[in-house]
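The values are calculated or read from the model by the stated rules, or taken from the named source; none is laboratory data. What you are looking at is a predicted structure, and each value in this text was computed from that prediction instead of being measured. Neighbour counts are summed over all protein chains in view; Cβ atoms, including those assigned to glycine, are modelled from backbone coordinates with ideal geometry. Ligands, DNA and RNA are excluded from the accessible area calculation, which covers all protein heavy atoms including side chains. Shrake-Rupley method; radii C 1.70, N 1.55, O 1.52, S 1.80 Å.
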Amino acid sequence: MEETPATAAARHRRASIAGRAADSGLALTSGGRRWHRPLVVLGIACGVIAVAALIAMPFDDRAINGENVWAKAFKFGFSFSAYCLSLAWLLAHMTKLRRTAWVFGTLFAVISAAEVGVIVAAAAAGTYSHFNTSEDPFNQVVQLAFQFVPVMFLANLVIAVIVLFQRIGDKAVTAVVRWGLLLSSLGMFAAFFIVTVGGQGERTAVDANGNEVVLNAGHGVGDLDGNGMFLTGWSTTGGDMRVPHFIGLHGIQVLIGVAMLLGFVAARRAWLRDERVRAAIVRWLALGYLGVFVTAGVQAVRGQSFVAPDAATLAGFAASVIVAVAGIALTVRKARRSPDGALEAAPAADAKELALPRR
């Protein structure tokens with residue numbers, strides 16, 4: 001079939017955009033690979049949900065536990081949009097077991113769609129989604145959808161394991177993907193401790209319609225309901241496992257953003273063009289980020305609010321930042337003096353990989 005002028009023009013525009021991105025360093029990988037379509041569709045849909053929920057807040061003053069009914073829909077829409085699009089990009093660049101990863105990516109998308117769907121439905125109905133023990137048919141459907149969350153976690157874990165056995169892009173991108181999926185898997189795993197760490201506590205609450213609802217368990221540690229922070233809803237009167245859950249889950253987006261920034265700077269700084277240097281920087285940052293995640297988790301388990309850290313928690317956060325900054329500073333210093341010197345500045349766990357000859 002002969003290409004029409006309009007099609008040729010569109011293809012040229014896409015190529016030009018990709019070329020400009022590659023020249024600037026913002027394109028992490030090269031080649032026009034097709035992203036995982038179900039995850040892309042869900043990511044866009046969740047983004048629309050997040051925007052719609054944000055717009056609805058000023059016009060719908062209904063509240064549940066002091067929080068606008070659409071706040072949870074916004075948070076979940078935003079989180080799933082960011083993560084699904086990141087995962088869709090990742091799956092497009094796999095070189096081994098692509099079909100297997102594609103299947104598990106689709107499974108992740110289906111379960112995620114169901115979870116976000118019931119949360120939006122509960123928001124529209126003005127009732128609780130999580131911890132609701134009501135036996136009415138609507139809530140039974142909501143709770144049934146939540147039962148598949150462990151399967152969603154396992155699907156993500158399988159993808160993370162598959163990634164360990166392949167290289168995606170250059171060393172820097174491979175480091176982003178491996179560390180990012182590790183952090184996201186830990187973040188998802190932290191969600192399972194929300195109920196077990198917070199404890200059980202059956203109590204009666206009132207939904208946005210004035211109806212009494214029996215709840216069991218809650219998000220807070222030490223204060224099941226807590227007094228939530230603006231928009232995030234994280235407890236200000238106790239610990240909250242949603243904090244490490246959020247930090248870990250979105251680690252991959254942070255690392256992707258940093259890798260893009262490094263690529264942009266590398267287009268103007270010769271010493272940063274070595275992929276081993278950028279990979280070392282990503283690893284040191286990820287190591288510090290992991291420290292922040294662990295510290296936030298320990299803080300939550302101790303029943304301490306994220307906004308009221310004590311000396312021990314501050315020391316944990318400070319140590320994480322110092323390790324990352326010191327490692328990155330050492331890497332940059334050695335790279336600017338001698339490109340090969342950056343090998344000695346990488347975390348010990350990755351020294352062997354960095355010592356391999358470039359392919």
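Largest first, the residues Ile322, Ile162, Ile49 sort by 1.4 Å accessible area into Ile322, Ile49, Ile162. Lys72 contributes about 40 Å² of solvent-accessible surface, heavy atoms of the protein only, 1.4 Å probe. In the range 142-234, Cα pairs under 8 Å separated by at least six residues give a relative contact order of 17 percent.
Karplus-based coupling profile of the range 274-280, in residue order and whole Hz: 6, 4, 5, 5, 5, 5, 5, with θ = phi - 60° in 6.51 cos²θ - 1.76 cosθ + 1.60 and x standing for Gly or Pro. A viscosity of 0.890 mPa s and a temperature of 25 °C, combined with the Kirkwood radius over Cα pairs in Stokes-Einstein, give a translational diffusion coefficient for the range 216-287 of 167 µm²/s. When all protein chains stay in place and ligands, DNA and RNA are ignored, the 1.4 Å accessible-area order of Glu115, Glu135, largest first, is Glu135, Glu115.
Tell me, what is the FRET efficiency for Thr236 and Glu202 to the nearest 0.05, using R0 = 30 angstrom and their Cβ-Cβ distance as r? Result of the calculation: an efficiency of 0.80. Stretching the chain fully between Phe146 and Ala270 yields a gain of 39.7 nm (0.36 nm per residue, less the alpha carbon separation). Accessible surface for Glu202 stands near 140 Å², nearest 10, in the context of the full protein assembly shown (1.4 Å probe).
Taking amide H as placed 1.01 Å from N in the peptide plane, Trp234 has its amide H under 5 Å from the amide H of Met229, each at least 5 places away in sequence or on another chain.
With all protein chains in place and ligands, DNA and RNA left out, the 1.4 Å accessible area ranks Leu255, Leu154 as Leu154, Leu255, largest first. With the cut-off at under 15 Å, measuring from each backbone N in the range 209-250 to a point 7 Å along the Cα-to-Cβ line of Phe138 picks out 209-214. Net charge of the neighbourhood of Asn227, taken over other residues with C-beta under 13 Å away and scored Lys/Arg +1, Asp/Glu -1, is -4. Summing +1 for each Lys or Arg and -1 for each Asp or Glu among the other residues whose beta-carbon sits under 14 angstrom from that of His250 gives +2.
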